[in-house]
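All of the numbers you see were taken from the coordinates with simple rules; none came from a lab. Because the structure is predicted, anything quoted here is derived from the model rather than measured. In this analysis, Cβ positions are derived from the backbone assuming ideal geometry, glycine residues included, and neighbour counts consider all displayed protein chains.
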Amino acid sequence: MPVSHQSNKVVLTHPSGASAEVYLYGATLTSWKVANKERIFVSEKAILDGSKAIRGGIPLVFPVFGKGKAPHVTAALPQHGFARISQWKLLISSDDANTVTAEFGLDHTLISEENRKLWPFDFSLVYTVKLAAETIETKLRVHNVGDKSFDFNALLHTYFLIPDASRVKVVGLSGIDYVDKVLATTVRQEGDIILEGEVDSVYANVKSDVQIPYVAEEGGVQVHLKGLSDVVVWNPWVGKAAAMADFGDDEFHKMICVEAGQVAEFIALAAGGSWEGSQVLSLL
Ligand code: TA6
C-alpha cells in the first residue's frame, strides 16, 4: 500500500522499495529509507508520545526559529515555534508511477489555546512529502487566511544519519558569511565544513545545493533548496549532547543537521497571501 495511515503516523512506500514515515505529531518525518539504508537520524532517546518535540527527523520550525526576541510577537512562543509540537492532520495522499505523496495540515484552530493567544493570527500550513525512487521532497506552504498580516520564520530542521562525524564534510557553503552561534560572531566560510567540535552556524543567501559527502567511503546526501535561501548547520558535540535528556551522549557522532529555511529575516505575509519553500533530498 503506497500510503498507510496508522494511528500516530503515516508510512509512504514507493514501488522501488524507498520509504518514509511521518508522525502526525509535528508532521515530523522520522525516516527516509532509500537504497535499503536509513538516511534520517532519530535519537534512541527521542520521545515519540507527543509530549515533546521529536529529537531527530525533520522537525518543522514555524513561526519562529530559535527563541523569539522581545518586542517581537514571537518572543513568548516555545523555541522553534509551535508547528513541531502540534498535532497535524493527514489531508490527502496520492501515488502515481513515479511518486508517492502525502499532505499534512495545521491551522490556527488546531494549535493550543496558549499558542493561539501568544500568536493570534489566522494561518493554514500545508506540508507535502513527495517520495520518489531516489529522492524525497518536503515542501511547506504557509497561507495567511486572516485579515492581519504576519511575519514568520520557516525551517526544515533535518537531522541526517551519517557514518561518523569524522567521516563527513559539508560542501557548498564556502565563501558565504555566516553567524557562528558558538563563537557569537560573523565570519566567512572558507572551504568545506568538517566536524571537529560543536557547530551551530546560520548561512544566509545560499544559492547552490549543499552536499554532505561521506569521506573514506562512497555516498552522501544532497540538499537542493527551492524557495529557501538560508541553511543552518548544527552538531551539538559532546557538551551540548550531554545536556540533552533526549539525546544519547555519543550520538553526536552519528548525525549532522543541515537545515534549509528562511531564518535570517522574517518573511512578511499579507492577509490572503501565501508562501512556499521546499527541499529536495537526494543521494550523492
Ligand atoms: O538549528 C540549530 C538549533 O537552533 C541549535 O541552536 C539547537 O538549539 C538546535 O536548534 C536544537 O534545538 P531544540 O529546541 O530542538 O533543542
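Structural descriptor for segment 3-283: relative contact order 18 percent, calculated from alpha carbon pairs under 8 angstrom and at least 6 residues apart. Projecting the Cα positions of Gly191, Thr13, Trp237 onto the charge dipole of segment 3-283 (unit charges on Cβ atoms of Lys, Arg, Asp and Glu, taken about the Cα centre) puts Thr13 furthest along the positive direction.
Across the cross-link table entries Lys67/Lys240; Lys89/Lys117; Lys181/Lys226; Lys226/Lys254; Lys37/Lys254; Lys207/Lys240, which are compared at the Cα atoms, the separations over 19 Å belong to Lys89/Lys117; Lys181/Lys226; Lys226/Lys254; Lys207/Lys240. Peptides 62-69, 195-202 ordered by packing proxy, namely the average of other Cβ atoms within 10 Å per residue, highest first: 62-69, 195-202. Here segment 17-105 carries DSSP beta bridges of which approximately 95% are antiparallel, counting only pairs with both residues inside. Between the amide H of Ser31 and those of Glu21, distances stay under 5 Å, these residues lying 5 or more places away or on another chain, with hydrogens modeled in the peptide plane. Peptides 163-176, 238-251 ranked from most to least packed give 163-176, 238-251, packing being the mean of other C-beta atoms within 10 angstrom over each peptide's residues.
Among the GluC sites (Glu not before Pro) in segment 54-158, those placed in a DSSP loop whose Cβ has at most 14 other Cβ atoms within 10 Å are Glu134. Take the Cα of Ser51, step 7 Å toward its Cβ, do the same at Lys226, and the gap between the two points is 3.9 nm.
When only the Cβ of Lys, Arg, Asp and Glu is charged (+1, +1, -1, -1), the dipole of the chain relative to its Cα centre reaches about 440 debye.
In terms of the mean number of neighbouring beta-carbon atoms within 10 Å, the peptides 40-47, 54-61, 94-101 order highest first as 54-61, 40-47, 94-101. As a size descriptor, the averaged projected area of the C-alpha convex hull of the chain was calculated at 14.4 nm². Ranking Ser94, Pro71, Leu48 by Cα position along the charge dipole of the chain, where only Lys, Arg, Asp and Glu carry charges on their C-beta atoms, puts Pro71 farthest toward the positive end.
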